[in-house]
Amino acid sequence: MNAQFGLVNVWAQGDGVTRAVLLILLAMSLASWLVILFRVLDLRRLSAQAAATEAFWHAKDFANGLQALGGADNPFLALALEGQKAAAHLQPDAANRQPELHESFDFSDWVTRSLRNSVDDSTARMQSGLAILASAGSTAPFVGLFGTVWGIYHALMAIGLAGQASIDKVAGPIGEALIMTALGLAVAIPAVLGYNALVRANKQVIAKLNRFAHDLHAYFVTGARVGQGRSSKAGG
């Protein structure tokens, strides 16, 4: 490519609007790739944590089951702890407590509500950053198109003032302006693909969370995991 043309020349010859468009597209691209990278790493961690739920059910008691789930920042561990807390809160051993409004709930409903709140909190955390990908995917093409229109306008104005309309004088500036559209697409396509892939992966993890919550509910209410006998208890 001629050294007089290209992306570097677009930056060097562009005005404030052109440079602002380039910086916006660069920021969108960096933000999108950072979200994709961090969310992929989180999903790998969540997949390993989901696989540990079977070890929880094979533990000899609840405390060992919690250890099998892993350390902090674990939605499955948070779910089990929230269920334990909800079940313990309505136990009759707290006779000295003042009665509270939520104690009018049925025991099963109270545990269900607590587990659902934990699942919702974990779901919200897993969806963090997806708005950035959605915004980049939907707006980056239009930002690039705006840069193209702005560049073509100024290129035509310059050609008109110079009085030269030959193909060699038109092709370079117009081609540089079209680079902005290509950059907008280069930002949008990975963002859209990453968004769709992360949403699909999140749904799989959320489904596992819901299954684990269902089993925990059965454990706290009946003393056994769904579909299993009392021998599958993780302890009290």
Legend entry - Filter pass, V221 being more than 23 Å from V21 (Cβ to Cβ), modelled with pLDDT of 80 or more and either surrounded by fewer than 19 Cβ atoms within 10 Å (Cβ to Cβ) or of a type outside the set (K, R) (or both): yes
Inset, instruction - Report yes if some residue within the stretch 80-90 is more than 20 Å from L22 (Cβ to Cβ), surrounded by 12 or more Cβ atoms within 10 Å (Cβ to Cβ) and at pLDDT below 75; otherwise report no. - result: yes
Inset, instruction - Filter the stretch 14-46 down to residues that are at pLDDT 90 or above and of a type in the set (S, T, N, Q) and give me whichever is nearest to the chain's Cα centre (by Cα). - result: S32
Inset, instruction - Evaluate the stretch 94-103: report whether one residue or more is at pLDDT 85 or above and in a helix (DSSP H, G or I). - result: no
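I need a count of the residues in the stretch 66-83 that are within 18 Å of S118 (Cα to Cα) and part of a helix (DSSP H, G or I).
Of the stretch 66-83, the ones within 18 Å of S118 (Cα to Cα) are 66, 69-83.
Cutting the leftovers down to part of a helix (DSSP H, G or I) gives us 66, 69, 75-83.
Here the count works out to 11.
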Legend entry - Failed condition for W150, given (1) modelled with pLDDT of 75 or more; (2) not in a helix (DSSP H, G or I): (2)
Inset, instruction - Output the residues belonging to the stretch 179-218 that are without any contact (Cβ under 8 Å) to a residue 60 or more places away in the chain and surrounded by 15 or more Cβ atoms within 10 Å (Cβ to Cβ). - result: T181, A188, V192, A197, A218
Inset, instruction - Confirm whether N74 is over 18 Å from Y219 (Cα atoms), modelled with pLDDT under 85 and not aromatic (F, W, Y). - result: no
Inset, instruction - Could you tell me whether the stretch 5-13 includes any residue that is surrounded by 12 or more Cβ atoms within 10 Å (Cβ to Cβ), in a loop (DSSP other than H, G, I, E, B) and modelled with pLDDT under 85? - result: yes
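The values are calculated or read from the model by the stated rules, or taken from the named source; none is laboratory data. Just so we're clear, the structure is a prediction, and the values are computed from it rather than from any experiment. Please note: Cβ atoms are built from the backbone with ideal geometry, for glycine as well, and neighbour counts cover all protein chains shown.
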